[in-house]
Every structure is written in C-alpha cells, then in structure tokens.
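Enquirer: Quick one: this structure, given as structure tokens, is what I'll be asking you about.
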Amino acid sequence: MDQLEFYKDLFHKENDRRHLVNNSLNIPIAIISALSAGIFYFITNYKLELKLEYNLNLLFFGLIFISIISILISAYFLIRVFVKFRSSNEYCGIPLVKVLNKYYNELLTHYDTEEEANDMFKEYLLDIFVMIVDNNMGVNDKKFGLIFISKRWTVVCLTSTLLCSIPFIYNFSNRPSNVQKFELISNHDPTVQPINPITEVDTLISNPNTMKKRKTQEQTTTKQEEKTTRQDEKTKPPTPPDVRWTNESFEEIKPKNVK
C-alpha cells in the first residue's frame, strides 16, 4: 500500500470525526438548557414560609446546590470544546493550491530532471499529511474527552434534579388553598320598572287619547323649533350683494378698488 494514500485516508477520516464532534454537541446543550429551566422553576416556586420540617428544606437546597454546581461544570467543559484556550486545540489543513503550485514550479527550476522534482514534492506532501493527521487526531481525541466529561456531570445534575422533585412535590402539596370568594352586587332598584316595548305599543293602541296627546306634543315642539330658527334668521345681519360683472360693448366693468 502506498504510504501517501494511507495518510490521505486518515486525513479524510479525521475530518469526518471533526464533523461528528460538532454534531454530538446538540443533545448535551438541549439537556443542559432543560435542566437549567427545571432548577429555576424549583427555586422560584419553593415556599419557605411553610411550617415544614427543617431537614426537608435542608435536603432540598442541598440537592439544588449539587445540581447548580454540576450543571456549571458540565457547561464549562462544553464551552472548552468550542473556545480555543490553547493553540493545540486548533485544526490544521493542507496549504492553498497556489502555494503548492508555486512550490512545485520552484522545484522544477531547482532540479535538473522532472523525476527528482516529483520525488521531492511527494516527500513534502507525505510530511504535510503526517503533520496534519497527527494534529487533527489529537484535537478530536481531546474534544471527545471533554464531551464525555460534560455528559458525566450532566448525569449527576439530572440525578440531583430528579431527587429535588421529591421535597418540592411535598412542599407544593402542603400549600394552603388560595380560593377567592366573589360576591355579586347588583345595582337594581326595585322601585324602577323596566319598559317593555310590546306593552307600550299595546297601551298606545288601546288608549287613543294618549296618541292624541303625543301628537299635540310633537306639533308644539316642531312649532317651537320653527320659531327659534326664524328668530335666529332675524338676528343675523343681511349679507351684502356681490359685485356684478358685465361685458357690455365687449368692455369689462370693474370696481374701483380692483386693480
């Protein structure tokens, strides 16, 4: 087997492991987010004013403390997978094609024959692949180790959070019921009777006198309104007439004040 092809296959395998590292971070991040929300809910909804046993409160806050510490450690190791704390945590790759082509042309001009230039270029590629594979393999191993430590502390946090639910449920079940009583107060006056339109129409039809009275009332109101409008018209000053424009003998007659 050719040595260059062997290291080239290793280079591609380490690139696949690099993508696997990035994809394996989704589940731990989701679990840490859910555990953080659960811990926050337990802390904010736990009632200390209840007269319960002292050991129960001590157990609850002790487990909460373990959950918080473990989730912070787990998040720290996950952050170390992303953030480059040292230069040894960086990936490296093959140089650009322009750089490789320039180096190959320099080898052709330096050596007398093309075979010698090809042998030196192949030896250079072999050294490059060895260096790249060695570095990327170490970075991938380190990141997988950090993910494993983070998952282990996530399990510790999950266990302590589930144990926290026992005193929390006991605390929640012993709370006093906050039942609020409402009293409906009506502003209905028993002396005032509502008007039924159907009965009102029946009374008007059965009593023609009431119809006459209403007609006379309506007529008087309309007469009063007409009087008021006439009085308003009398009080208004008369409007002056507008200027009349004529075109007699094709000449326009304008007032003196119009220029």
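No lab work stands behind these numbers, since they all come straight from the coordinates. All figures in this text were calculated on a predicted structure; none of them were measured in a lab. Every residue, glycine among them, receives a Cβ derived from its backbone with ideal geometry; neighbour counts consider all protein chains shown.
Enquirer: Using the alpha carbon gyration tensor of the range 1-112, what are the three equivalent-ellipsoid semi-axes (square root of 5 times each eigenvalue), largest first, in whole Å?
Expert: Ellipsoid semi-axes (Å, largest first): 57, 13, 11.
Enquirer: Suppose R0 equals 22 Å. What FRET efficiency, 1/(1 + (r/R0)^6) with r the Cβ-Cβ distance, do Val99 and Lys13 give to the nearest 0.05?
Expert: 0.35
Enquirer: What nm distance separates the two modelled labels at Asn55 and Ile43, each placed 7 Å from Cα along Cα→Cβ?
Expert: 2.7
Enquirer: Take peptides 108-119, 160-171 and line them up by average Cβ neighbours within 10 Å, highest first, as a rough protection proxy.
Expert: Going by the mean number of other Cβ atoms within 10 Å, highest first, we get 160-171, 108-119.
Enquirer: Let me ask something else about it. Could you list, in their original order, any pairs among Lys13/Lys102; Lys98/Lys122; Lys8/Lys143 whose Cα atoms are separated by more than 20 Å?
Expert: Lys13/Lys102; Lys8/Lys143, as the Cα separations exceed 20 Å there.
Enquirer: A follow-up question, please. Compare the peptides 69-75, 36-42 by average per-residue count of other Cβ atoms within 10 angstrom and give them in order, highest first.
Expert: Taking the mean over residues of other Cβ atoms within 10 Å, the ranking is 69-75, 36-42.
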